[in-house]
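Worksheet for the structure shown next.
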Amino acid sequence: MGNELFLQTMRDPLGVPFYPIVFQGLSVMTFALHIIFVNLVVGGTIVAIWGHFSQHEWMRKLSRSLARITTINISIAIVLGVAPLLFVQVVYDPLWYSSNVISAWWTMVFLAVLIIGALSMYVFYLRRKGGQQRAGLFGLITICCLLVAATIIHALSMQALHPELWQGWIFGGTDMDTSGWGLHAIEIGRLFHFLAPALVNTGIFLMLYAWYFEKRDDVDMMELQLVANLGRKLAFYAALVTALVGLWWLLFLPESLSFMTDPTIHSGILLSLILIAVLYRAGRAPSQYALLCGLFSFLTVFIMTISRESLRMAYLKPFSYSIYDYPQTTDWGSTILFLATFLAGVGVVVYLVRIAFNAGRGEYAA
């Protein structure tokens with residue numbers, strides 16, 4: 001009863017400006033897009049470092065391309081990450097802010113390592129572009145920063161799901177711990193389940209890379225075939241590892257959550273198996289299966305994101321915390337303005353992507 005009352009009291013007394021389910025839906029959608037680009041950043045950095053130290057010329061060329069692409073993906077991932085973070089703060093504010101206060105310094109460290117990682121990636125790209133051999137150090141700094149950032153944000157998210165443990169974390173010893181240096185509730189299985197798909201989606205990205213550039217006359221088709229084969233193998237074996245890690249994590253979830261009966265997890269498992277089968281089938285002609293693999297990968301990530309939201313609701317159910325009974329003060333003006341600018345932004349992005357897509361397939365001076 002204490003935790004329930006505590007959480008209800010910390011809610012914004014003005015309530016939310018529109019129906020909570022809308023914010024929940026937008027949170028799921030934007031997080032799915034965010035995590036895909038996070039996967040591309042982590043996986044792209046790993047493959048770029050691998051290519052940098054490779055003895056094969058085509059791998060070194062791929063490393064330079066991925067270094068450039070990853071600097072763009074970092075920017076997109078950060079921008080897309082702001083949206084789900086804001087939506088979470090709207091409907092899960094007592095949980096998110098409490099978790100951040102408990103680990104306040106780690107929240108600051110998260111921002112610092114993210115900045116350092118992004119800057120290191122730019123240095124890695126510029127040094128690779130200039131042909132400098134010592135660029136690998138900055139690539140290693142980037143991946144280390146990304147893994148630290150992933151661990152921190154994972155811990156903050158998990159801490160928000162355990163209000164019953166907050167008091168113990170603060171009053172665990174003889175004195176109150178207000179340092180903000182505590183980092184709790186790290187689940188290795190869940191963390192790995194978020195990280196392993198990085199190589200899956202990066203592998204599929206390499207397949208799409210070959211599919212995209214094979215229409216051009218100024219590329220080496222043999223190199224594209226090597227890239228496509230590398231991407232297919234990387235995605236296939238990483239998907240197997242991801243599936244095994246996911247099953248391992250599910251086995252250690254508390255039975256009280258009854259998560260194995262959730263239909264979204266069944267859908268996610270089915271889509272994962274289909275993706276693995278398609279990747280296996282793509283062995284003979286990876287680039288021809290690139291779009292299909294990309295589609296199933298996106299659907300899998302999207303369904304798993306819905307599962308993640310269902311799991312969060314299951315964690316909070318014992319505390320009678322539901323976003324659907326969040327106080328609501330409808331504000332049509334701000335809501336219409338938000339939706340209008342959102343749709344306009346989507347239209348602009350689609351137009352720019354279309355122009356960039358068509359331009360990249362033609363010959364042009366670099």
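The values are calculated or read from the model by the stated rules, or taken from the named source; none is laboratory data. As the structure is a prediction and not an experimental result, all values here were calculated from the model. Note: ideal-geometry Cβ built from the backbone for every residue, glycine included; neighbour counts use all protein chains shown.
Tallying residues that are surrounded by 14 or more Cβ atoms within 10 Å (Cβ to Cβ) and over 21 Å from the mean Cα position of the chain (by Cα) within region 256-273 yields 3. Residue-level check: of (1) touching a strand residue (DSSP E or B) at 6+ places or on another chain (Cβ under 8 Å); (2) of a type in the set (S, T, N, Q); (3) modelled with pLDDT of 90 or more, SER297 misses just (1). When VAL42, VAL38, VAL22, VAL47 are checked against the criterion of being surrounded by fewer than 20 Cβ atoms within 10 Å (Cβ to Cβ) and in a helix (DSSP H, G or I), a single residue qualifies: VAL22.
One residue stands out among those in region 11-56 that are of a type in the set (S, T, N, Q), out of contact with any Pro (no Cβ under 8 Å at 6 or more places or on another chain) and within 30 Å of LEU140 (Cα to Cα): the one that is modelled with the highest pLDDT, which is THR45. Residues considered: LEU62, LEU86, LEU126. Of these, the only one that is assigned to a helix (DSSP H, G or I), in contact (Cβ under 8 Å) with a residue 40 or more places away in the chain and either under 28 Å from LEU226 (Cα atoms) or out of contact with any Asp or Glu (no Cβ under 7 Å at 6 or more places or on another chain) (or both) is LEU62. Among the residues of region 251-291, not one is among the basic types (Lys, Arg) and within 30 Å of MET313 (Cα to Cα). For region 274-293, a tally of residues being within 17 Å of ALA239 (Cβ to Cβ) and surrounded by 18 or more Cβ atoms within 10 Å (Cβ to Cβ) returns 9.
Rundown of residues vs (1) at negative phi; (2) of a type in the set (Gly, Ala, Ser); (3) surrounded by 13 or more Cβ atoms within 10 Å (Cβ to Cβ); (4) touching a strand residue (DSSP E or B) at 6+ places or on another chain (Cβ under 7 Å), yes/no style:
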residue	(1), (2), (3), (4)
LEU311	yes, no, yes, no
TYR326	yes, no, yes, yes
VAL349	yes, no, no, no
LEU352	yes, no, no, no
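Among the residues of region 1-19, write down those that are of a type outside the set (Phe, Trp, Tyr) and part of a loop (DSSP other than H, G, I, E, B). Passing the criteria: MET1, ARG11, ASP12, PRO13, LEU14, GLY15, PRO17. Among the conditions (1) part of a helix (DSSP H, G or I); (2) in contact (Cβ under 8 Å) with a residue 24 or more places away in the chain, GLY283 misses just one, which is (1).
Taken as a whole, region 91-112 holds at least one residue that is in a helix (DSSP H, G or I), in contact with a strand residue (DSSP E or B) (Cβ under 7 Å, 6 or more places away or on another chain) and modelled with pLDDT of 90 or more.
For region 78-123, the set of residues classified as under 22 Å from the mean Cα position of the chain (by Cα) and of a type in the set (Phe, Trp, Tyr) consists of PHE87, TYR92, TRP96, TYR97, TRP106, PHE110, TYR122, listed by residue number.
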